[in-house]
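Input: a single structure, listed below in structure tokens.
Values in this text are rule-based calculations from the coordinates and carry no lab data. In this text the structure is predicted, and so the values were computed from the model without any measurement. All Cβ positions, glycine included, derive from the backbone under ideal geometry; neighbour counts span all protein chains shown.
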Amino acid sequence: MRNNSTKLIFLAVLAIICILLYAFYDIKGGFDYAFPKRMMRIGAMVVTGVAISYSTVVFQTITHNRILTPSVMGLDSMYQVVQTLIYFFAGSLSIWVLNKYLNFGASIIAMVLFALILYRFLFRADKHPIYLLLLIGMILGTLLGSFVTFLQVLIDPLEYLSLQSRLFASFTKVNADLLYIAIGILFIAFIYGYRIMGKLDVMSLGRENAINLGINYDRMVMNILILSSVLIATSTALVGPITFFGLIVANLSYQYLVTYKHSVLILGASLISIIALVGGQFLVEHIFELRTTLSVIINFIGGIYFIYLLLKESRSAG
Amino acid sequence: MRIWMLIITAVVLSFISLFVGAIDIKPSDLLDWNSDKTQIFLASRVPRLMAIILAGAGMSIAGLIMQSLSRNKFVSPTTAGTLDAAKLGILISMLFFTNVTYTQQIIFSFAFALVGTLIFMQILDRIKFKDVIFVPLIGIMYGNILSSVTTFFAYEADLIQNISAWLMGSFTLVMAGRYELLYISIPAVILAYLYANKFTVAGMGEDFAKNLGLSYKFVLNIGLILVAIIATTVVLTVGVIPFLGLIVPNIVSLYLGDNIRKTIPHTAVLGIVFLLVCDIIGRIIVHPYEIPVNVTVAVIGSVIFLIMLIRGRAYAK
């Protein structure tokens, strides 16, 4: 345990260095112009990183595996489906678009429903092997993605322009209006999450054991599904989908911090994701001066890491 | 299902396909040989139909070849990185030559599709755990990695719009003079038919095939070359069409079994029917505009594939 706290402090220091570097490195022109812009991006990256790590770790606990993540199962595509459907049926001038809270609320409700169906259908019946679930999730993602494209072709071009600004967020083009809502959501999620940390540790023992130890398992699962849907919706709305990110940071955290304590795992995963996002963006923007977006690099590294994980898992399974 | 029923369906759909589009052309308009409508019909509609037929048959058979060679129902150009490798090849050719010619693109795309599929087959050889689900999973991830490499270089070279615009997978731009490359897939399909039994034997593994007196490496390479030829021609002329090679052979094997000599004609015709349906839907819904065919195929195809995955686990084993 002592060992782990040193590791966490090390990660925290690294994260702070990354943030400072990104905030102050090579500021040209007006400080007053550049600095708030950079802070906005840092804020978005930190919120996204924490939200993704948090939701991935708790999702993997209730589904008892280390490969499936909410994003891989198509949850972030679901956000895009909901936004597109809103534009498709209600139009860009409807209350569902203009009222941010209503819009966000509708997305979250739809995503929770999707997550619940997915969970009921795929995880409750324990007979499905993990690889099948994974393949189903990925194909589901493709289906939702193509469905979005399909609807977008049908939408009026002017409406589409307005939709585009909402769907094609990225780390350099943060959806600024949402940042404050997102910070608020994250804050509430953390207060709730802090109270259930202990229960999560127990739940990782498996359904039967957890029920024996006095956990209302099914209700907790429901709560956690809602929690991870909210967090994924938050991060997708802020910076767009980054499919493999959760998978990388959660697994790195399991490997680096050898523990089952969720407080340590979630904190570790969050710090790793801040380092990866802010540090990665710093390298992309200032050191290599690439035009590529960070998501492309994350997808590349994430894909390789994913194959590595699959091969490792299959060796232990087969 | 009988083959003639499929063929009749394909003919009827072809006829519909010829007379659906932005400009209203009736069969009676064709009587006047010199009219504008006849010109449009010959320059756009007929080539489009030919392109659909060639791409539909070609992609389905490419999938069938890959499935019998790997003895895995879910291996196809979509789930083995072939299409992504072909795309990467086209991009590399654009980076290498400032004024890239069509031939150079063909050569690069073909080489990459071939090597890309070969690498996947090598990976497949190394994996001990040859689960019917596990292999396509690795294949999809492999394709994702290749495609992120493509996106990376496309960003750096400002080719991102270029790449995504003409790799969308659409028959909209098919016109006389721009699709003829697809005819190369006809000899490929005929060769596939001649080699059908050998592919089945080769799929049973190297030792088994050699025991039966088959030159394993040779047959394997022929199969992969045919797949690469078909994939290249389709990607270059039409763009990426996902799922076709994955689901069509599976549907055929559901009602006809696994004797691929017997299933090849069915697979080809059903592939044509499937692609025709998708293309016609895409043209009718937003008439007079069009929905790119790869979008319709992806929506319908992924639903069918999901049903197969969930329902057909017993059959897939």
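Could you pull out every whole DSSP H run in chain B that spans at least 15 Å of Cα extent along its own axis and averages -1.0 or higher on the Kyte-Doolittle scale? Going by DSSP H runs, the hits are B:3-18, B:46-70, B:82-96, B:102-126, B:134-156, B:216-237, B:244-256, B:260-285, B:293-311.
Per residue and in cubic angstrom, what volume does the convex hull of the Cα atoms of segment A:2-317 have? That works out to 146 Å³ per residue. Hydrophobic long helices, here whole DSSP H runs in chain A with Kyte-Doolittle means of at least 0.5 and Cα atoms spread over 24 Å or more along the helix axis, are found at A:2-24, A:31-63, A:100-118, A:130-154, A:176-203, A:217-239, A:294-317.
Between the C-alpha center of segment B:191-228 and that of segment B:2-73 there is a gap of 31 Å. Using only side-chain charges placed at the Cβ, +1 for Lys and Arg and -1 for Asp and Glu, the dipole size of chain B relative to its Cα centre rounds to 1040 debye. Each part reduced to its alpha carbon centroid, segment A:235-251 and segment B:88-128 end up 30 Å apart. Histogrammed with a bin width of 20 Å, the alpha carbon distances of the protein assembly as shown distribute as 18, 50, 29, 4, 0 percent, first bin at zero. With the simple spin-label model, which puts each label point 7 Å out from Cα in the Cβ direction, the B:LYS37 to B:ALA22 separation comes to 1.8 nm. Compute the whole-percent fraction of alpha carbon pairs in chain B spaced more than 24 Å apart. Of all Cα-Cα distances in chain B, 53 percent exceed 24 Å. Annotation: segment B:10-60 has a Kirkwood hydrodynamic radius of 11.6 angstrom, from the mean reciprocal C-alpha pair distance.
For segment A:2-317, lysine pairs with C-alpha atoms less than 15 angstrom apart, excluding pairs fewer than eight positions apart on the same chain, total 4. Projected label points at A:SER5 and B:ARG261, each 7 Å from Cα along the beta carbon direction, are separated by 7.5 nanometres.
Contact order, relative form, for chain A: 34 percent (alpha carbon pairs under 8 Å, 6 or more residues apart, mean separation divided by residue count).
Ellipsoid semi-axes for segment A:154-239, based on the Cα gyration tensor and the rule √(5λ), read 37, 15, 9 Å when sorted largest first.
Compute the label zone of A:SER263 within segment A:196-225: residues whose backbone N is under 16 Å from the point 7 Å along Cα-to-Cβ. Correct set: A:196-203. From most to least packed by mean Cβ count within 10 Å, the peptides B:135-142, B:85-92 give B:85-92, B:135-142. In a simple Cβ point-charge model (Lys, Arg +1; Asp, Glu -1; nothing else charged), segment A:2-317 has a dipole of about 620 debye relative to its Cα centre. Hey, if you put +1 on the Cβ of every Lys and Arg and -1 on every Asp and Glu Cβ in chain A, which of A:VAL58, A:ASN4, A:ALA90 ends up farthest toward the positive end of that dipole? After comparing all options, I get A:ASN4.
Extension gain for the segment B:ASN162 to B:THR98, taken as residue separation times 0.36 nm less the Cα-Cα distance, is 21.6 nm to one decimal.
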